[in-house]
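Working notes, structure below.
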Amino acid sequence: MQHAKIGIICGGGVFPPAVAETLTKQGRGFVLFLLRGFADAAVERYPHHWLKLGKLGTLFGLMRKEGCTELVMIGSLVRPAMTQIGFDLKTLMLLPKIARAYRGGDNTLLSSIAKLIDDEGFRVRGVHEILPELLMPEGPAGRIHPSSDDEADIALGFEIIRAMGPYDVGQAVVVAGKRVLAIEAAGGTAEMLSHLAELRAKGRVRFSGRAGVLVKAPKPKQDRRIDLPAIGPDTVAQANAAGLNGIAVEAGGTIISDPSAIANAADTAGIFLSGYKAMP
């Protein structure tokens, strides 16, 4: 089956190279569009162009030149201020729409950007559509399973994410003993877990031994083509440093960079990593 050539907008982290490597093994045609200040120079070994954030006209021109008809967005990206965006003529023409999109959460902004790309004749696709093998399956990934107490915390965590959905807040929460310890906001999962580790070190959050679960899932009604929650080796290390029992994510709705490596990392850390069916 002949596949369309894929353009991939790359932020930071381990996921752009994981996607590029998987596509290479499959013999799929693709070009990386590396965002300056975010993407890792190590992925320059793949076909690529460097772009400054906001150069939509340049992106569209390069997409057409390379013969890309589909576009995927992957990798970490800190929401920039409007003054940090390098506007070209095309972006300036779209500025009123972009400015309106800034008056909302990340899903609102990214969905609006995806709509602008769709309107240019390119098809925005999610990682789950082109590489379903990078999604977390249902069930435990390693040898360690959650306890009944963990399962109760996991259920509450998914309920909280569902309740936060209309406010476009975050995709992660930490629950211990049915007590909400942390909610992901603008700083992302890593900052949330780092802050929780500091609170435990200072005695502001007290448990004897390990306690708590990191729960991650897409926001209800989220545009799943963009910004799916992701779990990498760093997430496992951060959850371990925060003294958590484990990590629970939505199966089929969470990206994992290397399933085998992450399962091994969880086993080594002594925590569980488990996938659950989508929230109703």
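The values are calculated or read from the model by the stated rules, or taken from the named source; none is laboratory data. As the structure is a prediction and not an experimental result, all values here were calculated from the model. Every residue, glycine as well, gets a Cβ built from its backbone with ideal geometry; the counts of neighbours run over all protein chains shown.
Quick check on my filter: what residues within segment 137-170 are among the small types (Gly, Ala, Ser) and not in a loop (DSSP other than H, G, I, E, B)? Even if it seems obvious, please write down each step before you answer.
Just the residues of segment 137-170 that are among the small types (Gly, Ala, Ser), to begin with: 139, 141-142, 147-148, 152, 155, 157, 163, 165, 170.
Of everything in segment 137-170, those that are among the small types (Gly, Ala, Ser) and not in a loop (DSSP other than H, G, I, E, B) turn out to be Gly139, Ser148, Ala152, Ala155, Gly157, Ala163, Gly165.
Hey, which of the helices (runs of 4 or more DSSP H) in segment 176-280, taking only ones fully inside, have at least 3 residues that are of a type in the set (A, V, I, L, M, F, W, C) and closer than 20 Å to Pro132 by Cβ? Please lay out each step first, then the result.
On the way: elements: 188-201, 233-241, 259-269.
Of the helices (runs of 4 or more DSSP H) lying wholly inside segment 176-280, those with at least 3 residues that are of a type in the set (A, V, I, L, M, F, W, C) and closer than 20 Å to Pro132 by Cβ span 259-269.
For Leu56, state whether it is over 19 Å from the mean Cα position of the chain (by Cα), of a type in the set (A, V, I, L, M, F, W, C) and either under 13 Å from Ile9 (Cα atoms) or assigned by TED's automatic domain parsing to the domain that holds Met93 (or both).
Working: over 19 Å from the mean Cα position of the chain (by Cα): yes; of a type in the set (A, V, I, L, M, F, W, C): yes; either under 13 Å from Ile9 (Cα atoms) or assigned by TED's automatic domain parsing to the domain that holds Met93 (or both): yes.
Yes, satisfied.
Go through segment 14-43 and report how many residues are assigned to a helix (DSSP H, G or I) and aliphatic (A, V, I, L, M). Lay out the reasoning, then the answer.
In the first step, residues of segment 14-43 are kept if they are assigned to a helix (DSSP H, G or I); the result is 15-26, 41-43.
Next cut, aliphatic (A, V, I, L, M) only: 18-20, 23, 41-43.
Qualifying residue count for the region: 7.
Only residues that are small (Gly, Ala, Ser) and either touching a helix residue (DSSP H, G or I) at 6+ places or on another chain (Cβ under 7 Å) or without any contact (Cβ under 8 Å) to a residue 24 or more places away in the chain (or both): list them for segment 148-169, please. Working first, answer last.
Taking segment 148-169 as the starting set, the residues that turn out to be small (Gly, Ala, Ser) are 148, 152, 155, 157, 163, 165.
Ser148, Ala155, Ala163, listed by residue number.
From the list Gly37, Gly57, Gly11, pick out the single residue that is surrounded by 17 or more Cβ atoms within 10 Å (Cβ to Cβ), touching a Lys or Arg at 6+ places or on another chain (Cβ under 9 Å) and modelled with pLDDT under 95. Steps first, answer last, please.
Values: Gly37 fails: surrounded by 17 or more Cβ atoms within 10 Å (Cβ to Cβ); Gly11 fails: touching a Lys or Arg at 6+ places or on another chain (Cβ under 9 Å).
After ruling out the rest, the residue left standing is Gly57.
Which condition from (1) closer than 17 Å to Thr254 by Cβ; (2) part of a helix (DSSP H, G or I) is the one that Ile113 breaks?
Here Ile113 clears every test but (1).
Conditions first: (1) surrounded by 15 or more Cβ atoms within 10 Å (Cβ to Cβ); (2) of a type in the set (Asp, Glu); (3) within 21 Å of the chain's Cα centre (by Cα); (4) at pLDDT 85 or above. Asp106 passes all but one, so which condition is the exception?
The one condition Asp106 does not meet is (4).
Please find, within segment 60-96, the residue that is surrounded by the most Cβ atoms within 10 Å (Cβ to Cβ) out of those that are at pLDDT 85 or above and β-branched (Val, Ile, Thr). Spell out the reasoning first.
Keep residues of segment 60-96 that are at pLDDT 85 or above, which gives 60-75.
The next check asks that each one be β-branched (Val, Ile, Thr); those that pass are 69, 72, 74.
On the way: Thr69: 14, Val72: 24, Ile74: 26.
In this case the residue turns out to be Ile74.
Would you check if Ala217 is in contact with a Gly (Cβ under 7 Å, 6 or more places away or on another chain) and within 22 Å of Pro137 (Cβ to Cβ)?
Working: in contact with a Gly (Cβ under 7 Å, 6 or more places away or on another chain): yes; within 22 Å of Pro137 (Cβ to Cβ): yes.
Yes, satisfied.
Every residue, every condition in (1) modelled with pLDDT under 95; (2) buried (at least 16 other Cβ atoms within 10 Å of the Cβ); (3) under 27 Å from Arg123 (Cα atoms); (4) not small (Gly, Ala, Ser), yes or no:
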{"site": "Pro218", "(1), (2), (3), (4)": "yes, yes, yes, yes"}
{"site": "Gln222", "(1), (2), (3), (4)": "yes, yes, yes, yes"}
{"site": "Arg225", "(1), (2), (3), (4)": "yes, yes, yes, yes"}
{"site": "Ile231", "(1), (2), (3), (4)": "yes, yes, yes, yes"}
{"site": "Glu250", "(1), (2), (3), (4)": "no, yes, yes, yes"}
{"site": "Pro259", "(1), (2), (3), (4)": "yes, yes, no, yes"}
{"site": "Leu273", "(1), (2), (3), (4)": "no, yes, no, yes"}
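Under 8 Å between Cβ atoms, at least 6 apart or on separate chains: pull out the pairs that start in segment 76-96 with a residue that is assigned by TED's automatic domain parsing to the domain that holds Asp234 and part of a helix (DSSP H, G or I) and end on any residue that is modelled with pLDDT of 70 or more and of a type outside the set (A, V, I, L, M).
none
If Ala141 passes every condition in (1) more than 30 Å from Lys5 (Cβ to Cβ); (2) touching a Phe, Trp or Tyr at 6+ places or on another chain (Cβ under 6 Å); (3) modelled with pLDDT under 95 but one, which one does it miss?
Exception for Ala141: condition (2).
I need a count of the residues in segment 59-75 that are small (Gly, Ala, Ser) and either without any contact (Cβ under 8 Å) to a residue 60 or more places away in the chain or more than 12 Å from Ile8 (Cα to Cα) (or both).
Residues of segment 59-75 small (Gly, Ala, Ser): 61, 67, 75.
The next check asks that each one be either without any contact (Cβ under 8 Å) to a residue 60 or more places away in the chain or more than 12 Å from Ile8 (Cα to Cα) (or both); those that pass are 61, 67.
So the count comes out to 2.
Taking Glu191 as the residue in question, decide whether it is outside the structural domain of Ala18 (by TED's automatic domain parsing), buried (at least 18 other Cβ atoms within 10 Å of the Cβ) and either without any contact (Cβ under 8 Å) to a residue 60 or more places away in the chain or more than 23 Å from Ala269 (Cα to Cα) (or both). Steps first, please.
Working: outside the structural domain of Ala18 (by TED's automatic domain parsing): yes; buried (at least 18 other Cβ atoms within 10 Å of the Cβ): no; either without any contact (Cβ under 8 Å) to a residue 60 or more places away in the chain or more than 23 Å from Ala269 (Cα to Cα) (or both): yes.
So Glu191 fails the test.
Scan segment 161-169 and tell me whether some residue there is buried (at least 18 other Cβ atoms within 10 Å of the Cβ), in the same structural domain as Lys221 (by TED's automatic domain parsing) and under 24 Å from Gly209 (Cβ atoms).
No - not one qualifying residue is present in segment 161-169.
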